[in-house]
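The structure appears right after this line, and notes come after that.
The values are calculated or read from the model by the stated rules, or taken from the named source; none is laboratory data. Fair warning: this is a prediction, and the values are worked out from it, not measured in the lab. Note that we place each Cβ from the backbone using ideal geometry, even for glycine, and neighbour counts take in every protein chain shown. All accessible areas refer to the heavy atoms of the entire protein, side chains included, with ligands and DNA or RNA removed. Shrake-Rupley method; radii C 1.70, N 1.55, O 1.52, S 1.80 Å.
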Amino acid sequence: MTTVAMTVRQGSAVYVEVGMAYPSGTLTTPLVTDVQGGSYTLIADGDSSLATGIYLWVFRRAGPVIKTSTTFTVTVTPEPISSKPIMVLAIEVLNDGGIDVPGSVAVNSSSTSESSSVTSTENNDLVLFLGADAGSTSHSYSGGLTHIPGYTSSPTGVSIWGAYQDLVSPATASSTRTVTPSLAWVSVSIAISPQVAWSGIAGKPYVTVSPIGVVTSPASLLVNNGADFGPDTYDTKTSGIQEALNSIATSGGTVYCTAGTYVLQAPIGNTGSYQTVVFEAGCEITGLYADLSPGGVPTEALVWVAQNVASGPDAASAAYSQIQWIGNGCVINLLDASSGNYILINNVFEYTVKGPLNSGISPQATLVTVDNFEITNLSGNVLWFETDNGGGSHPNITQQASVWKISRICANTWNSNSPTSGVPQPIGICGVRLFHLDQLYIDGSTIPTACHHSLIRIWSEGGDTSDIRVTGSVFLGNTDSGSQIAEVQGSTTSVGGEITSRVQFEGCVFQQPNTIYNVLLDDSAAITQTNQAFVTDFEFKACEFSGVGVTLLPGRTGSSYFGYGRFVDCRFKGLSVGASPFSGSLLGRGPAASGTSLTIPSTPDPAVYTNNDGFDETIVISGTNVNGPIKRNGVNTGLISGSFFLRTGDYVTIPFTTGTPPPSGSVVVIPE
């Protein structure tokens with residue numbers, strides 16, 4: 001016998017009640033199957049007696065429903081097959097956490113009171129009161145019971161029935177059905193536990209996501225393994241992660257991803273401010289090549305940080321603040337184990353949002369954290385964070401992303417067939433302000449040599465970049481002579497005019513296997529610009545350079561604004577004996593800087609030079625045409641020549657004979 005089609009939901013439980021009249025002979029347990037190939041476990045059975053021959057069986061589906069359906073049917077095959085009366089009902093139960101207690105079967109050969117009882121052991125149990133009889137003409141249930149709908153007209157000789165009630169706390173549920181006339185019956189009460197999951201706990205601190213569900217292998221008995229979201233979430237392509245973020249778009253909150261492997265078919269991204277995503281220790285993120293790299297075309301980003309999921313760079317419609325992505329060691333593995341293909345992703349983490357000076361978004365994202373992820377089997381970059389305010393712009397701090405912390409990021413193992421244009425800068429920071437990158441371990445030794453790149457690149461292209469700190473980090477290069485291990489750059493646009501400033505590396509190691517890699521500090525990579533961009537106020541402190549030199553490539557000329565470029569307590573290893581680690585120079589900045597000459601006008605006498613450049617500097621005075629002792633901050637030095645160290649706001653007074661000032665080139669300012 002096959003039931004009429006019914007609607008069931010993915011992950012729900014199904015109970016099947018079977019009644020038969022078979023007064024002569026005996027029956028064995030019937031076979032129960034359903035249209036989705038489910039198997040069923042017998043949980044209760046009994047008969048009124050051989051004389052009256054009323055049989056009752058109650059089955060439970062061995063696993064949750066695989067998928068939502070409006071045409072779900074159950075088929076029951078009696079053993080032995082006979083033409084005797086049979087009645088079947090399939091009952092869908094939501095939030096089913098399994099059988100708490102199966103009650104004992106009660107039977108009677110002739111009575112007007114059909115009853116059974118069960119004592120639950122858990123809070124919030126559902127009690128099913130099910131039975132079969134020879135067919136009553138009227139009935140009523142005891143208090144607290146609700147009739148289960150769906151029973152059809154019964155055949156002659158047998159009728160099944162059912163009711164339910166909820167128990168708030170553990171108790172004995174005694175259920176009674178009063179019938180007319182007196183007849184043979186069989187009944188049973190079954191206590192069913194609710195799903196014990198985060199999703200059922202009031203005041204829970206998280207929205208939870210699980211990578212395990214009834215559709216995964218191995219499968220869970222609970223929908224999404226008891227979490228709010230997961231692979232059982234309807235139509236999900238992100239194992240429920242994006243749906244979880246969607247659920248807190250307005251309110252903000254925390255999405256907690258439990259341990260296991262999340263298989264993505266689409267990118268994920270923030271949906272509002274005040275969102276924290278936490279991956280429990282033991283998480284892995286991977287994906288399907290066919291969905292993320294269809295036809296070999298890369299996906300732009302896997303995780304859109306502090307912005308909505310976008311179709312490409314600078315296509316965001318929103319920027320969000322107070323965002324955290326906490327990995328707890330989560331491994332992002334970009335090798336699709338199911339197909340053996342590398343998943344092509346341009347940037348694993350990305351924020352590329354147009355700023356207000358470029359008809360974009362204001363305010364930009366602020367107070368953002370990305371922490372503790374390991375990324376492997378890459379074909380592109382680790383991260384690219386940029387605000388694009390347009391070439392040559394000088395945004396203020398509210399017009400660019402600011403106050404970000406990126407920490408404990410490990411990247412290793414690149415696809416040997418990575419697209420040659422796919423790895424321009426594994427770590428890319430542009431057009432932003434007040435970013436701190438700490439404890440990065442970027443092992444680029446397996447990046448294909450055809451992929452010319454900079455392991456970390458800090459530059460300006462759509463507005464100034466400033467106040468970038470990189471601390472306690474390791475950068476390991478490969479043998480490609482066309483790449484840099486690090487680059488700090490003004491800009492490479494034809495418009496130019498941007499300034500990359502206040503960039504500090506402290507306690508970092510730069511290492512590569514031969515002495516062809518370099519740290520490149522350049523204004524514009526020799527590109528002709530309408531307004532020359534430049535890099536200034538940079539410092540490398542307590543860093544180690546192993547097999548790595550420093551190339552200084554100027555573009556800025558004829559300017560009175562310079563800045564400092566410092567290498568403090570740094571160690572250079574692996575270079576030829578006596579070889580300088582530096583090549584080239586930047587006008588007025590860093591090693592080999594000659595400083596800028598001051599031209600002293602003929603009046604007034606004495607001349608006053610004040611350090612208004614915003615950084616420490618030294619002024620060197622030759623003494624030519626100096627008439628009397630030089631004063632520093634108004635204090636007589638007793639000197640007419642020499643070097644004078646000036647902090648911001650300090651000044652020197654240079655007396656000379658009116659009309660004959662020190663000649664050009666005899667007074668030089670050198671930034672520290």
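The table for this structure:
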item	result
Overall Cα dimensions of region 1-60, principal axis frame, Å, largest first	42, 21, 15
Point-charge dipole on Cβ atoms (K/R +1, D/E -1) for region 1-79, about Cα centre, debye to 20	360
R0 of 41 Å, Cβ-Cβ distance T77-A281: FRET efficiency to nearest 0.05	0.25
Accessible heavy-atom area order of S83, S317, highest first, probe of 1.4 Å	S83, S317
Where region 250-352 is the region considered: accessible area per residue in Å², 1.4 Å probe	34
Of K354/K541; K541/K573; K541/K631, those spanning more than 27 Å from alpha-carbon to alpha-carbon	K354/K541; K541/K631
1.4 Å probe accessible area per residue over region 560-672, in Å²	50
Residue-span extension gain [S142 to T33] - 0.36 nm each, minus C-alpha spacing	35.9 nm
Full-stretch length increase - R9, T599 - with 0.36 nm per residue and alpha-carbon distance subtracted	204.0 nm
Loop sites in region 55-119: trypsin sites (Lys or Arg not before Pro), DSSP, at most 16 other Cβ within 10 Å	K67
CD proxy at 222 nm, helix term only [per DSSP H run n ≥ 4: -39500 (n - 2.57); per residue of the chain; nearest 500]	-500 deg cm²/dmol
Distance between modelled label sites at K541 and T618, nm, 7 Å Cα→Cβ extension	1.9
Solvent-accessible area, 1.4 Å probe, carbon plus sulfur percent, for region 348-438	48
Accessible surface of region 291-332, 1.4 Å probe, proportion on carbon and sulfur as whole %	47
Cα gyration tensor, region 371-466 - rounded (a/c under 1.5), prolate or oblate	oblate
Accessible carbon and sulfur surface of region 599-649 relative to its total accessible area, %, 1.4 Å	51
Rounded to the nearest 20 debye, dipole of the chain from Cβ charges on Lys, Arg, Asp, Glu	640
Potential extension, S24-S217 segment - 0.36 nm per residue separation minus Cα distance	64.9 nm
Among 291-302, 368-379, the order from most to least packed when residues are scored by Cβ within 10 Å on average	368-379, 291-302
Exposure rank, largest accessible area first [R469, R433, R647; 1.4 Å]	R647, R469, R433
